[in-house]
Number of protein chains: 2
Amino acid sequence: MAHAYEFARPALTVDIVVFALDEEDLQVMLIERDLKPFEGQWALPGGFVRVDETLEEAARRELEEETGLKDIYLEQLYTFGDIKRDPRERVVTVTYYALVNLEGHDVQASTDARNAAWFSMNDLPKLAFDHKTILRAAHERLRGKVRYQPIGFELLPEKFTLRQMQHLYEVILDRELDKRNFRKKVLGMEIVKETKEIEKDVAHRAARLYRFDKRRYDKLTKQGFNFEI
Amino acid sequence: MAHAYEFARPALTVDIVVFALDEEDLQVMLIERDLKPFEGQWALPGGFVRVDETLEEAARRELEEETGLKDIYLEQLYTFGDIKRDPRERVVTVTYYALVNLEGHDVQASTDARNAAWFSMNDLPKLAFDHKTILRAAHERLRGKVRYQPIGFELLPEKFTLRQMQHLYEVILDRELDKRNFRKKVLGMEIVKETKEIEKDVAHRAARLYRFDKRRYDKLTKQGFNFEI
DNA sequence: TCAAAAGTGTTGGGCATACACCCATGA
DNA sequence: TCATGGGTGTATGCCCAACACTTTTGA
């Protein structure tokens, strides 16, 4: 095998698709670029991988530097390596997607003077580089994964109503679900635990709050149980 | 964003897990290393990514150089970036998995003087680097994917018996399937087309040969059909 | 005629879907 | 008392799983 230094090397970056959920729909965090190329356009948070950090460390570092978000659910998505995806030089990017709940995490609009903001997945601006492709891949992955892994809870606050949970699935799967069947299914799996609390400050009957029962979920999974919505 | 050249760069490689199926079980292609580190140990085929080729091009090039295999099913798996995964220097590897049918492709034991060979997944040698981890990830992905995407056909010859197809799923999923239910399901989906031929040279009643009906599968998929074994 | 694998149907139970009304609460 | 969403049960059909015998063929 030839030694690496005989060849020019592609540069390596990470980019992160951060999803969140508001009352309306699925949101994604974008950064306004302050440098060429694509100056002034919106892009995914991300940056170069340092030689002394793993890929996930790089992703977490960039995310915190650019958006203030930390300690969130993060999972590798795909690695994009088209030759001309960055007009400056050859850059390969390892992408991640992250899920946050808006109640638990403050987003500092930015820590290094760049503008960070949430955008609805249904109303996206023009994006720099091939970030539109990346975003689409992330959305598809989320849609696929949420059906058989309980990652959806990462988008909900710690305590949530079943209606909120149903809404989450409706937004991600992009179709309506039947309220009674959804409740039957979720409660039947026993992966959420009812709390003694109810919603506050609503102008109608307050709904019961539940929380994800991870201990129970792990136990069921070990017994070959299959989470599927 | 700081410019890339301010930082030392990780090197970038591709590694490929090539699966095939013999009468017994799932096989994987390995290369015997002729250089340090891990000299004499078995490893996945792979090598450095050049600056003027995409990741998939790099994977296909390395695969052909090291095993003679070309024009095969290839899909990106995961990118591994642990800091010490290569003892020489920081190397990030983008991994792929490939599926071949043994009847359609000759494997030249090697084109550049190294030894290439098939190993049963149930009887693997000690592997170089973190290739054991990569192999495990590839096996899991295959197991998951084969159930809802018809990639299994890539491991079968063009014409195959339903028994062979069932055997394929049994090996990958690692459990026995009921013959009648399997046939009912597969034939009911109408994604295989019966040919006029039958097996040859068997010491018992010869089974009918079928072929995958990709045209039909694509049509069904567009209508929202869901392939699931 | 024997051995080996091909090929074939039915039944029962569980699960998903479809569907509509009363209840609790705050304004 | 009204508006709003919370909460609940049943009936139907479909799909999956379980299960055993006859047929064909070559040796």
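Roughly what % of DSSP beta bridges within chain B run antiparallel, to the nearest 5?
Antiparallel bridges make up about 70 percent of those DSSP assigns within chain B.
Can you tell me what percent of all Cα-Cα pairs in segment A:14-81 are more than 14 Å apart?
Taking all Cα-Cα pairs of segment A:14-81, the fraction more than 14 Å apart is 63 percent.
What are the residues whose amide H is under 5 Å from the amide H of residue B:17, where those residues sit 5 or more places off or on another chain and H is modelled from the backbone?
Those qualifying (amide H under 5 Å, at least 5 residues apart or on another chain) are B:96, B:97, B:98.
I need the per residue convex hull volume for segment A:4-145, using only the alpha carbons, in cubic angstrom as a whole number.
Looking at segment A:4-145, the number lands at 117 Å³ per residue.
Each residue of segment A:34-43 in turn: what ³J(HN,Hα) in whole Hz from Karplus with 6.51, -1.76, 1.60 and θ = phi - 60°, glycine and Pro shown as x?
10, 9, 6, x, 6, 4, x, 8, 8, 8
So what J values fall out for segment B:88-98 if you push phi through Karplus, 6.51 cos²θ - 1.76 cosθ + 1.60 with θ = phi - 60°, rounded to Hz, Gly and Pro as x?
My calculation for segment B:88-98 gives 6, 7, 6, 10, 9, 10, 8, 9, 10, 10, 10 Hz in order.
Out of B:82, B:71, B:201, any idea which swings most in a Gaussian network model of chain B, alpha carbons joined below 10 Å?
B:201
Taking a probe of 1.4 Å, how large is the accessible area per residue of segment B:1-91, in Å²?
42
Collect residues whose amide H, placed 1.01 Å from N in the peptide plane, falls under 5 Å from the amide H of residue B:79; neighbours closer than 5 in sequence don't count.
Answer set, sorted by chain and number: B:95.
Given the whole protein assembly as supplied and a 1.4 Å probe, what does the accessible area of residue A:163 come to in Å², nearest 10?
Here the residue's solvent-accessible area equals roughly 130 Å².
Given a 1.4 angstrom probe, I'd like the percentage of the accessible area of segment A:4-145 that is carbon and sulfur, rounded to a whole number.
Looking at segment A:4-145 in its full context, I get 46 percent from C and S.
Sorted from largest to smallest, which semi-axis lengths in Å does the alpha carbon gyration tensor of segment B:148-199 give for its equivalent ellipsoid, taking the root of 5 times each eigenvalue?
For segment B:148-199, the semi-axes come out at 17, 13, 11 Å.
Separation between the residue B:197 and residue A:50 pseudo-spin-labels, each 7 Å from Cα along Cα→Cβ, expressed in nm?
Output for this residue pair reads 6.0 nm.
Under a 5 Å amide H to amide H cut-off, with H placed in plane at 1.01 Å, what residues pair with residue A:102 once short-range neighbours are removed?
Answer set, sorted by chain and number: A:21.
Roughly how large is the A-B contact in terms of buried accessible area, totalled over both chains, probe 1.4 Å, nearest 100 Å²?
3200
To the nearest 10 square angstrom, how much accessible area does residue A:88 have with a 1.4 angstrom probe?
About 110 Å², ignoring ligands and nucleic acids.
Using label points projected 7 Å from each Cα along Cα→Cβ, tell me how many nm separate residue A:221 and residue B:173, to one decimal.
Label at residue A:221, label at residue B:173, 2.2 nm between them.
Quick one: check the C-alpha center-to-center distance for segment B:26-87 versus segment A:173-229, whole angstrom.
Distance between centres, Cα-based: 44 Å.
Given label points at 7 Å from Cα along Cα→Cβ, what nm distances, shortest first, separate residue A:61 from the same residue in every other copy?
Reported distances to equivalent positions: 2.9 nm.
If the cut-off is 22 Å between C-alpha atoms, which lysines fall inside it for residue A:84, apart from same-chain ones fewer than 8 positions away?
Partners within reach: A:36, A:126, A:132.
Can you list the lysines whose alpha carbon is less than 16 Å from that of residue A:145, not counting same-chain residues fewer than 8 positions off?
In chain and number order, the partners are B:145.
What distance in nm separates the two pseudo spin-label positions at residue A:190 and residue A:136, each 7 Å out from Cα along the beta-carbon direction?
4.4
Once the principal axes of the Cα atoms of the protein assembly as shown are found, what is the range along each, listed largest first in whole angstroms?
77, 57, 38
Please check segment B:61-106 for residues whose accessible area, probe 1.4 Å, is lower by 40 Å² or more when all protein chains are in place than in their chain alone.
B:76, B:78, B:79, B:83, B:89, B:90
Tell me, what % of the accessible area of segment A:159-222 is carbon and sulfur with a 1.4 angstrom probe?
Summing carbon and sulfur atoms, their accessible area is 46 percent of the total for segment A:159-222.
Using a Gaussian network for chain B with springs between C-alpha atoms less than 10 Å apart, which of these wobbles most: B:37, B:150, B:45?
B:37
Report the accessible area of residue B:182, computed with a 1.4 Å probe over the heavy atoms of all protein chains in place, in Å² rounded to the nearest 10.
About 10 Å², ignoring ligands and nucleic acids.
Can you spot the aspartates and glutamates whose alpha carbon is less than 18 Å from residue A:196's alpha carbon? Ignore those fewer than 8 places along the same chain.
Once the sequence-local aspartates and glutamates are set aside, what remains near residue A:196 is A:158, A:213.
With a 1.4 Å probe and all protein chains kept in place, how do B:78, A:96 rank by accessible area, largest first?
B:78, A:96
The values are calculated or read from the model by the stated rules, or taken from the named source; none is laboratory data. Since this is a predicted model, take the numbers as computed values, not measurements. Cβ: placed from backbone, ideal geometry, glycine included. Neighbour counts: every protein chain shown. Note: areas computed on protein heavy atoms with side chains; ligands, DNA, RNA excluded. Shrake-Rupley method; radii C 1.70, N 1.55, O 1.52, S 1.80 Å.
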